[in-house]
1. List the lysines whose alpha-carbon lies under 26 Å from that of K143, not counting same-chain residues fewer than 8 positions away?
2. Straight-line reach from K144: which aspartates and glutamates have a Cα under 12 Å away, not including same-chain ones fewer than 8 places off?
3. Rounded to the nearest 500 deg cm²/dmol, what is the calculated helix-only ellipticity per residue at 222 nm for the chain, with -39500 (n - 2.57) per DSSP H run of length n ≥ 4?
4. Given Cα pairs under 8 Å that are at least 6 residues apart, what percent is the relative contact order of the chain?
5. Restricting to the chain, compute how many DSSP beta bridges are antiparallel as a %, nearest 5.
6. Spelling out what I want: for every residue of the range 190-200, take phi, set θ = phi - 60°, compute 6.51 cos²θ - 1.76 cosθ + 1.60 (Karplus), and round to whole Hz; glycine and proline get x.
7. Compute the distance from the alpha-carbon center of the range 189-242 to that of the range 88-157, in whole Å.
8. Return the long-range amide H neighbours of K143 (sequence gap of 5 or more, or a different chain), with a cut-off of under 5 Å between placed amide H atoms.
Amino acid sequence: MFPNFLPKAVGQLTESASIALAQSIQTTAIATPLINQSVTTTFVKQGSGGTPILLIHGFDSSVLEFRRLLPLLSGDNETWAVDLLGFGFTDRLSEIAYSPTAIKTHLYYFWKSLINQPVILVGASMGGATAIDFTLTYPEVVKKLVLIDSAGLAGGSPLSKLMFPPFDYLATQFLSNMKVRDRVSRIGYKNQSLASVDALCCGALHLQMPSWHRALITFTKSGGYSAFRFKKISKIVQKTLILWGDSDKILGTKDAMRFKRAIPHSTLIWIQDCGHLPHLEQPQITAQHILNFCAESH
């Protein structure tokens, strides 16, 4: 049985990993300074022991992005994935101004409420920019950092230029078109067979949540994640693992080396024969690198 807060289209999932993760999604009420009302926040928790691992999804995505990776990590480690404020299946309250600052504030109070011990923070794509921002703001929370084909060196979103009526609604309508989402999904993978009907369903299910359009418009109008200056990124003191698909057509490959140069205690590992989504395209290899990194001495 699927949780009743998920859209009915969840029943269209066909792959066992997708079905299992969707069935394990939970909700919790998170109180934050952002609003007087608690935010009903969706998350997945699996496994126990070790330093907790916290997974952060990419732009316009959800915890379902980690359907293949999370089970591989949770065998030996307490592993979490959370839907960021304004994304996934987390409630989109009309009173909140969705922005990177609001996202990291909500993420901090989620961590404080449910985990409350240092974590290994794993961010993929835009989630990497979120993880960098969070690490710089709350360094005591992050024991180690993992960036998977991370955003953060190219700032903002070209969509922000269109975020005024009526183009704001039209822009989100464009993003909700299934043919558009399928094309974007195919660019993300090197192995095109992985851009399946199930993958499309996983990537679009959250679009049916209330106020998806409004929250995405608000976040994009905020400017999204600006490019971090090298000087700022160099202040990351945590050991950092950079994982990067060698055939990334979304962000390219140059930023991998730029992150390596900017972050003092960092290691770069290329994921071979892989596009922008190593956690979906090469989950076993990606998981093993993360687990090895978790096991390394301080």
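Bear in mind these aren't lab numbers, they're just calculated from the coordinates by the rules spelled out. What you see is a predicted model, and the numbers here were worked out from it, not measured in a lab.
1. K45, K104, K112, K231, K232, K235, K239, K260
2. E296
3. Details: 12 runs with 108 residues, N = 298.
Computed mean residue ellipticity for the chain: -10000 deg cm²/dmol.
4. Details: 601 pairs, mean separation 57.2, N = 298.
Relative contact order here is 19 percent.
5. Working: 9 of 34 bridges.
Counting only bridges with both partners in the chain, antiparallel ones make up about 25 percent.
6. Computed from phi, the couplings for the range 190-200 are 7, 7, 4, 5, 6, 7, 8, 4, 5, 4, 5 Hz.
7. 11 Å
8. The list, which skips near neighbours in sequence, is V119, I120, L121.
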